[in-house]
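Some notes on the structure that comes next.
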Amino acid sequence: MLSKTVEASLNAQIEVEASSSQFYLAMASWAENEGMNGVATFLYRHSDEERDHMLKLIKYVNERGGHAEIPPLEKPPKKFSSLKAVFEQLFEHELEVTNQIHGVVDLCLQEKDYTTHNFMQWYVSEQIEEEALARTILDRLNLIGNDKGGLYLFDRDIENLAQNG
Ligand code: OFO
């Protein structure tokens, strides 16, 4: 059985995952409009993954005797200034998500909720991968700079990353 405080922090995390999904969906739509189909595919997939993260939390909360709340969502930005800005924002966003996840884990320890602590470890590991991926992408974009050919290849390669990842 979940304590009220753990339930509330998991519900807050549901909102974080839902907003991440929405944010990446907006980025995907922007990229598609800019003709960067590989980037759009990658971001649509990323958005789906965040929705899965949200669903996993919803199911867990309900399974443990809590009530998962479905949050309203803020409208994400429509435009982004550049491809690099998209991935910078994505990286920053993931760093914040990591902090939030660590906050939930911390609360689990305070409340001695070892079951939820164990459940949350999946999110802790996932964040390591997501941060690493975002860092790799940003490094590549920094190398490419404004080189059109480089950006073309980046768009093609990231599509492969989306298929294989
Ligand atoms: Fe991007 O991460 Fe969910 O948790």
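The values are calculated or read from the model by the stated rules, or taken from the named source; none is laboratory data. The structure displayed is predicted, hence computed values, not measured ones. All Cβ positions, even for glycine, are placed from backbone atoms using ideal geometry, and neighbour counts span all protein chains on display. Side chains are part of the model used for accessible areas, which takes the heavy atoms of the whole protein and leaves out ligands, DNA and RNA. Shrake-Rupley method; radii C 1.70, N 1.55, O 1.52, S 1.80 Å.
Annotation: lysines with alpha-carbon distance below 26 angstrom to residue 78 (same-chain offsets under eight excluded): 148. Find out how many positive minus negative residues lie around residue 19, taking Lys and Arg as positive, Asp and Glu as negative, among other residues whose Cβ is under 9 Å from that of residue 19. Residues close to residue 19 contribute a combined charge of -4.
Skip the ligands, DNA and RNA, and give the accessible area per residue of the chain with a 1.4 Å probe, whole Å².
Details: 9210 Å² over 165 residues.
Ligands and nucleic acids excluded, the result is 56 Å² per residue.
When the residues 67, 46, 102 are ordered by accessible surface, computed with a 1.4 Å probe over the protein chains alone, the sequence from largest down reads 67, 102, 46.
Return the loop-located trypsin sites (Lys or Arg not before Pro) in segment 29-117 (DSSP other than H, G, I, E, B) with at most 13 other Cβ atoms within 10 Å of their own Cβ; answer none if there are none.
Details: sites: 45, 51, 56, 59, 64, 78, 79, 84, 112; in loops: 64, 78, 79, 112.
Of the trypsin sites (Lys or Arg not before Pro), the ones in loops of segment 29-117 whose Cβ has at most 13 other Cβ atoms within 10 Å are 78, 79, 112.
If you take all other residues with their beta carbon under 14 Å from the beta carbon of residue 33, and give Lys and Arg +1 and Asp and Glu -1, the sum is -1.
Filter the GluC sites (Glu not before Pro) in segment 12-96 to those in DSSP coil with at most 12 other Cβ atoms within 10 Å of their Cβ, and list the result. Mind showing how you got there, number by number?
Working: sites: 15, 17, 32, 34, 49, 50, 63, 69, 74, 88, 92, 94, 96; in loops: 34, 69, 74.
Here the GluC sites (Glu not before Pro) that fit, given the DSSP loop and packing criteria, are 74.
Think of each Lys and Arg Cβ as +1 and each Asp and Glu Cβ as -1; about the Cα centre, that makes the dipole of the chain roughly 220 debye.
Suppose the chain between residue 139 and residue 111 were pulled fully straight at 0.36 nm per residue; how much longer would it get relative to their current alpha carbon spacing?
Between residue 139 and residue 111, full extension yields an extra 6.1 nm.
Dimensions of segment 1-131 based on its C-alpha atoms, expressed as ranges along the principal axes with the largest first, amount to 49, 25, 19 Å.
Within the set of other residues whose C-beta is less than 10 Å from the C-beta of residue 80, count the net charge using Lys and Arg as +1 and Asp and Glu as -1. Don't jump to the answer; show the numbers that get you there.
On the way: positive: 78, 79, 84; negative: 34, 88.
Taking every other residue near residue 80 into account, the sum is +1.
Carbon and sulfur together cover what percent of the accessible area of the chain at a 1.4 Å probe radius? After summing per-atom areas, the C and S share lands at 51 percent.
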